[in-house]
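In what follows, a single structure is set out as structure tokens and then discussed.
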């Protein structure tokens, strides 16, 4: 942050003048002492770069049920409050929104392709003022392979179905990414994209017993560096249980579940950035309504326990909604 660095410099400059009574011509000794004080104060300087949770995050979310193909629109929002433990005047209130086109295509019974084209709206109210940005984000492609697809009747005539998919994908650096060389850490968090080609590993399992169901997902995102900055790798695990109510061509499926996230620390020039990364456990509740080939879904998430950025970042309410057409 420019103001953060300027205040830090002015503070040191004032202390040098007051302590050593330097004149304007004593620039050589003043520079030496400034570099020394800067070196021992470097952790405090980096703490001024309040890192948000925008472009580096990735959440696949609940997937619609489809047999062949689907396409739709999805909206999600995330909100965070950050205050430095060492200086309460350094803060950031972030609100991130994403609207995306998403689709799924089953090439055959074994191979499935998913795609996501996001458009991001970012808003941050910080000690440096209000920052707004928007633009197309990074496009993601995921390929899944079906390891298990069974449906059977047991002796009690219950319908039991199971599916297991494993796969991987790429997040392409299509979103706008242009960081300030003097403020790489803070500016990297306010971009529409991450500037890097990233890799994803995914696993999805579902179990349906008559009208009851369980779905779970494991996702691991491997991030690469851009402009010497790298978002930490992200692990996400979700588990939802639901019950389907059927009425003619309509079904309503309330669901409840848990979401766990583990965020590795971010890195600058190969070195870990202090007070980044963490983990969080969130409770989620939602509903999926299907009308013939159209599905509408809503989902809200609230933190049950979280420790992000050494407790400096608080996760607020998060939500997601989608409108999907299966064909």
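Laboratory data are not the source of any read-out in this text; all were calculated from the coordinates shown. Only a predicted model underlies this, so the values are computations on that prediction, with no experimental measurement involved. Glycine gets a Cβ as well: all are built from the backbone with ideal geometry, and neighbour counts include every protein chain shown.
For the reader, a short list of remarks on this structure follows.
- The modelled label-to-label distance between residue 235 and residue 123, using points 7 Å beyond Cα along the C-beta direction, is 3.5 nm.
- Volume in Å³ per residue [convex hull over Cα atoms, computed for segment 53-326]: 122
- Between residue 292 and residue 180, the FRET efficiency from the beta-carbon distance, with R0 = 35 Å, is close to 0.10.
- Backbone N under 15 Å from the residue 101 label point (7 Å along Cα→Cβ), restricted to segment 126-146: 136-141
- Ranked by how many other beta carbons lie within 10 Å on average, peptides 188-199, 302-313 from highest: 188-199, 302-313
- Listed peptides 166-175, 80-89 by packing density, highest first (mean Cβ within 10 Å): 166-175, 80-89
- Value of relative contact order over segment 53-326, rounded to a whole percent, pairs C-alpha under 8 Å and six or more apart: 16
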